[in-house]
Amino acid sequence: MIRVFLLFFTLLALAPAAAQTPAIDGRAALLTELETRNVDVAELRRRLQTEGIELDALTNEQLVAARPQIEGIIREIQLEREAAAPAPEVQVTTTENGDGEGTKETSVEIVEVTQEELPESAIYGHDIFRNKSLRVYQAGENITAPDNYPLQTGDELAVTIFGASQSNFLLTVGDDGFVTFPNGLKLTLEGVTINQAKGLLERRLRQFYTFQRGQLSIIVQRTRAVAVNIFGEVESNGTYSLSSVNTAFNALVAAGGPTENGTVRNIQVIDGGNTTVIDVYDFLRNPQPSAEIFLRNGMTIFVPPSGILVELEGGVRRPLFYEMRPEEGISDLITFAGGATARAETGAIRVTRYTNGTLKTINVDLQQNPGFRLQDGDRVIVPQVENPLDEFVSVEGAVLLEGRFAYEENLTIGNLVENARLRPGARRDVAFVYRAQDDGTFALQKLNLSDGSPDLNISVRKGDRLRILTQASFLDGGEVSIAGAVRAVDTIAYPIDGGLNLEELILLSGGLQRNAADEVIVVRTPPENREERQYLRLSLTEDQQFELLPGDAVTVYSRERFTDPFEVKLGGAVRDPGTYRYDPSLGLDDLFVLAGGFTPAAALDKIDVFRLKTFDNEATQTLTTTLVVDSTFNILSSSDPDFILQPYDVLVVRRIPGFEPIRTVEVQGQVQYPGEYAIDVANMRLTDLIAKAGGITPDAFPPGGTLFRRDAQIGLIVIQLDEALSNSNIASNIVLKDGDILTVPRARDLVRINTQNTKANSIYIDSLLRRDRINIAYDGKKDAKWYVENYAAGYADDAWKRSTVVEYPNGEVKATKRFLFFNNYPDIRPGSIISVSERPERKKRERRVRTEPREKVDWGKFARDTIAIATSTISLILLVDRLD
C-alpha cells in the first residue's frame, strides 16, 4: 500500500514538468484510491488535523511538501489494522529511499508461503523445501517449542500449578534476559533451553508454592519475531519476519528453498561473526544436529551457487541429480541415492564426461574404485539386467500346486509332475512344455505323462514351463439361458452328462412368476452351425420334460404380452393432467379424482370428450360429446345420456373464458416503496410502476436502471429509464409482463478502466492494478478517449483505438464509431466500464505469380477510347445545360 502512495507523490512532483500533459488533481486521485483500497479517509483526515494539516485545503505542491507526515500516519493506520487481523505470513523487504542520504524505508507485504506454485525439482534435497514436509511458524502462534529451543528476549512462558497451591501466570523474558515472578524475584533464562528452563523454574517455584511431580505445566505461549535475511540462489530473496522457534531449515522453506542453481551442500548461516555451514544431505541422513540452528534476530542465510552437480541414472533407488563435494567419491553418490537395486551391475558403471570439447565414457568398478572422483556435469549410469535368466521352472494347468519350482540339477519331467501333484481329471496322455531357445524364442514339445513313458525321464532346463491339460477342456459343454416371467433371469452351465429338461431349468431359475403365460419359446443354436437358429414353441403344462441342449435360450412369456393396454387421456383445467390406464371399473368421477380435481379456472359446463369409434375392417371415426358436471363430478347433462368411459377416450376440461390469475411485477432499489405490484391496468409501463412505487429516491441513478424478464427466459433487457421518466411516450418506456423485475440502482460516481492495451502498467504498480483494472472518480461527461489518456496513461502501442467500447450501468454497450478519418468515442457516464482491444494482426497479401506472359498494351487504342469517352461526357453535359 505504501508503494501506491509513493507513486501518487511521485506523479505530483513530476506534474509541473510535463507541460503537455493535462494537470492531475492529486488530492482527488489520492482520496479516490484510498476509498477503493479500503483505507479510512476520515481517520487519515483526523490524524492529519492533529498535526496541523488540512488535507482538503492542500494544493498539489503542498501535498508533495507534506509527504513525510502523510506517509507516517498512513503507515500507523496500516500497522494497527494488521495487528487486529489474524497473523498471516509476513515478508519484509528493505529498499533505498533514493534521496541520496542513505536512509532506508521498510515496506511490508502480506504473502502466503505456499509450495504449490513451485514445480518439483530433479535435484536431490530440493523437495524438502517444496513439499511442505517442514512448516514455517509465525510469531505469536501458540507453538509447541522443542526442548532444545533456547529462550530469547520477548518469549512468553505460561506457568500453571495444579497442586495445593493452584496458580497460573505468564513469565516474559525481558530485555535483560530475566523473567520476573509475581513476588518480584527474578531468574535469568535467556539462552537457556526449554528443557533446562523447566528444571530451573520448578526448583525456584517450589520455594513459594506447594505441588507434586506432574502438577506443574510450563509451555511456550508466545515467541518473539525475528528478522532473518535470506539471500543468494533462493526462490524469493528478502528479509523475513518469523518466529524464533523456526530453524534455518524452516526459514529456507519460507523463501521457497534453493533454486535449480542453488547449493544444498554449502548453505551458510551467518550469526554475527560466526558462520555455520548446513549440508542438506547430512540433514536428510540425521536431521537432529542441523535442526538445532534456531533463528536469531539479524541472522543471515546465504545460499551460494551449487558445486559439482552430477546426474545419476539406472539401477539405483533414487535416480536424480546430486550435488557432490570435491572429496566425495562415486560410492558416496550411490549411498545418497539409497543404494543400488538388486539387478544393478555395479562393476560396470559408466561415467559420461565432457572434456576439452568432447564426450568420453569412463568405466568404473564400484568395488575396485569406490573413491572415484566426479566432476561437474558428469552423467553416471548404473546398468542393470533387464531380462535376468530364470533360475526356476513352472507348472500350470491341472495340478494342485501350480506355480514356480526351484531348478535343481538332474530334475526330470517326472520329478516336476510328482512335485506339482496332478488333479483328478488331468490328462496323462498328452502335455506340453515351453522351452526357451538361445535366440530368445520358445519351442513347444509334446509329452506323454503316462506311467512308464520315457518322456518322464526328460531332463528339465532352466525356465521350462510345463502345461498339463484337463479332460473337461475337450468336452462339448455350454450354457443354457432362461428369461421372461421367471423369478431369476439366469444363465446356467449345461451339465456334461446331459439330461437337463425344461422343468429342471425353471426350478433352477426360482420358479415361474404369477403372470407367466403357458407359452414358451426355445431358440436353439445347432453346435455344428452357429449361424443357424431353430425356434421351438412349447407349453408349460404339456412339455415340462422337453430335453434341452447346450446353447438353448428359453423365454417364458407373461400374460401381458398378449394383451393391449387401454388408456384414457385427461387434459385441460385439472390439477394433474395425463394418461391413465383404462379399466371397466374406472368411472368418470374416479378419473377426476385421479387427476386431483378441477382448477379454479375450470369451466364445468364445457368438458369435451373425443371418442374413437371402431368398425370391423372399416375406417375409424372420431365422435365428440360435451358434458356438464358439478363440483362433485356428477354429470348434469350430456349429449349421451348413458355416458361411461371407454378405451382411448380423450377428455378436455375447458377454461372459463377471460379467467386470468393475478400478474405481478417487482421493483427493487432506489424507489420510495420497493416490492411487488400487480399489473392492474392494461399495458402497464415502466413509468406506471415507478409511480406506484412512490417515485425514485434522491440518490437514485435512473441511467443505470435494468429490467430482467422471466417470460420466455429472455433475461436482461437494456432500457433508458432516465429518458422514460422524462418522456413517457418514448419507445424505451416498454410494456411490463408478468414476472418482470425492475432495478433502480444507487448513484455511482466511479468509472472503471480495464487496463489491457493501455499504458497504465507504466505508471501504476501491481498492488494498484488489481485484476488489470483501475477505478477512478467520475470526472464529467467526457468521452472514453479522454479518460484513457488522463487516467490510464494513454493507449498502448499495439492498442486498436477503434475498438474502444463502453459498457453503461444499464447493460447498454456502445462502440467507437468512425467518420471519414476520425474516431467518435462514446461518452462516459457514472458507473461506465471502458475496454480496449488489441490491434488484430493484418493478413499478408499473397503475391500472385503470373503464369502466362503479360499481354502487350496497345497505347494508341487506349488513347482513342479515352478521348471518345470524354467527348461523349462533355456532349451530355452541354445537352443537359440547354434543356435547363
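The values are calculated or read from the model by the stated rules, or taken from the named source; none is laboratory data. As the structure is a computational prediction, the values presented were derived from the model and not from experiment. With ideal geometry, Cβ positions are generated from the backbone for all residues, glycine too; neighbour counts draw on all protein chains shown. What goes into the accessible areas is simple: the full protein's heavy atoms, side chains included, and nothing from ligands, DNA or RNA. Shrake-Rupley method; radii C 1.70, N 1.55, O 1.52, S 1.80 Å.
Taking the criterion of being touching a residue at least 40 places away in the same chain (Cβ under 8 Å) and surrounded by fewer than 17 Cβ atoms within 10 Å (Cβ to Cβ), the residues of the range 303-320 that qualify are Pro304, Pro305, Gly307, Glu311, Glu313, Arg318.
Inspect the range 654-665 for any residue being in contact (Cβ under 8 Å) with a residue 24 or more places away in the chain, in contact with a Pro (Cβ under 7 Å, 6 or more places away or on another chain) and among the aliphatic types (A, V, I, L, M) and give the result as yes or no. Taking every residue of the range 654-665 in turn, none turns out to be in contact (Cβ under 8 Å) with a residue 24 or more places away in the chain, in contact with a Pro (Cβ under 7 Å, 6 or more places away or on another chain) and among the aliphatic types (A, V, I, L, M). Of the strands (runs of 3 or more DSSP E) lying entirely inside the range 262-335, those carrying at least 1 residues that are under 18 Å from Ile381 (Cβ atoms) are 308-314, 321-324. Going by what's in this entry, would Thr563 be described as within 20 Å of Ala483 (Cα to Cα) and at pLDDT below 90? The answer is yes for Thr563.
Would you check if there is a residue in the range 343-350 being charged (D, E, K, R), assigned to a loop (DSSP other than H, G, I, E, B) and in contact with a Ser or Thr (Cβ under 8 Å, 6 or more places away or on another chain)? There is no residue in the range 343-350 that is charged (D, E, K, R), assigned to a loop (DSSP other than H, G, I, E, B) and in contact with a Ser or Thr (Cβ under 8 Å, 6 or more places away or on another chain). Please indicate, with yes or no, whether at least one residue in the range 825-837 is modelled with pLDDT of 75 or more, open to solvent by 100 Å² or more (accessible area, probe 1.4 Å) and under 30 Å from Lys781 (Cβ atoms). So far as the range 825-837 goes, no, none of its residues is modelled with pLDDT of 75 or more, open to solvent by 100 Å² or more (accessible area, probe 1.4 Å) and under 30 Å from Lys781 (Cβ atoms). Cβ separations smaller than 9 Å between residues 6+ apart or across chains give the following pairs from the range 480-509 residues that are farther than 14 Å from Leu548 by Cα to residues that are of a type in the set (Phe, Trp, Tyr) and outside any loop (DSSP other than H, G, I, E, B): Gly484/Tyr557; Ala485/Tyr557.
Please tell me if Asp722 is among the charged types (D, E, K, R), farther than 30 Å from Phe821 by Cβ, surrounded by fewer than 17 Cβ atoms within 10 Å (Cβ to Cβ) and out of contact with any Ser or Thr (no Cβ under 8 Å at 6 or more places or on another chain).
Values: among the charged types (D, E, K, R): yes; farther than 30 Å from Phe821 by Cβ: yes; surrounded by fewer than 17 Cβ atoms within 10 Å (Cβ to Cβ): no; out of contact with any Ser or Thr (no Cβ under 8 Å at 6 or more places or on another chain): yes.
Judged against the criteria, Asp722 is not a match.
I'm checking my understanding of the structure. Among residues of the range 169-222 that are over 27 Å from Asn297 (Cβ atoms) and part of a helix (DSSP H, G or I), which one is most open to solvent (accessible area, probe 1.4 Å)?
So in the range 169-222, the residues over 27 Å from Asn297 (Cβ atoms) come out as 182-185, 202-217.
So of that shortlist, the ones also part of a helix (DSSP H, G or I) come out as 202-205.
Numbers: Glu202: 51, Arg203: 148, Arg204: 60, Leu205: 0 Å².
This residue is Arg203.
Looking only at the range 429-449, residues that are more than 13 Å from Arg465 (Cβ to Cβ) and buried (at least 17 other Cβ atoms within 10 Å of the Cβ) come to 1 in all. Among the residues of the range 557-571, those that are within 13 Å of Leu591 (Cβ to Cβ) and charged (D, E, K, R) comprise Glu567, Lys569.
Can you report the number of residues in the range 777-824 which are closer than 30 Å to Phe708 by Cα, assigned to a strand (DSSP E or B) and either among the small types (Gly, Ala, Ser) or open to solvent by 20 Å² or more (accessible area, probe 1.4 Å) (or both)? Selection size over the range 777-824: 9. Suppose the filter is open to solvent by less than 70 Å² (accessible area, probe 1.4 Å) and either more than 27 Å from Asn515 (Cβ to Cβ) or aromatic (Phe, Trp, Tyr) (or both); does Ala553 pass it? When the stated conditions are applied, Ala553 does not pass them.
Within the option set Phe708, Phe659, being surrounded by 11 or more Cβ atoms within 10 Å (Cβ to Cβ) and modelled with pLDDT under 90 holds for one residue only, Phe659.
For every residue, the table says whether it meets (1) at negative phi; (2) in a strand (DSSP E or B).
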| residue | (1), (2) |
| --- | --- |
| Lys446 | yes, yes |
| Leu449 | yes, no |
| Gly463 | no, no |
| Ile468 | yes, yes |
| Gly477 | yes, no |
| Asp497 | yes, no |
| Gly510 | no, no |
| Arg514 | yes, no |
| Pro527 | yes, no |
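Among the candidates Asp564, Asp543, Asp616, Asp583, which residue alone is in a loop (DSSP other than H, G, I, E, B), touching a helix residue (DSSP H, G or I) at 6+ places or on another chain (Cβ under 7 Å) and more than 25 Å from Ile656 (Cβ to Cβ)? Give the steps one after another, and end with the answer.
Working: Asp564 fails: touching a helix residue (DSSP H, G or I) at 6+ places or on another chain (Cβ under 7 Å); Asp616 fails: touching a helix residue (DSSP H, G or I) at 6+ places or on another chain (Cβ under 7 Å); Asp583 fails: touching a helix residue (DSSP H, G or I) at 6+ places or on another chain (Cβ under 7 Å).
Testing whether each residue is in a loop (DSSP other than H, G, I, E, B), touching a helix residue (DSSP H, G or I) at 6+ places or on another chain (Cβ under 7 Å) and more than 25 Å from Ile656 (Cβ to Cβ) leaves just Asp543.
On inspection, Leu689 qualifies as farther than 25 Å from Tyr825 by Cα, surrounded by 15 or more Cβ atoms within 10 Å (Cβ to Cβ) and in contact (Cβ under 8 Å) with a residue 40 or more places away in the chain.
When the range 596-611 is limited to residues that are over 17 Å from Ile635 (Cα atoms) and in a loop (DSSP other than H, G, I, E, B), the one that is most open to solvent (accessible area, probe 1.4 Å) turns out to be Pro600.
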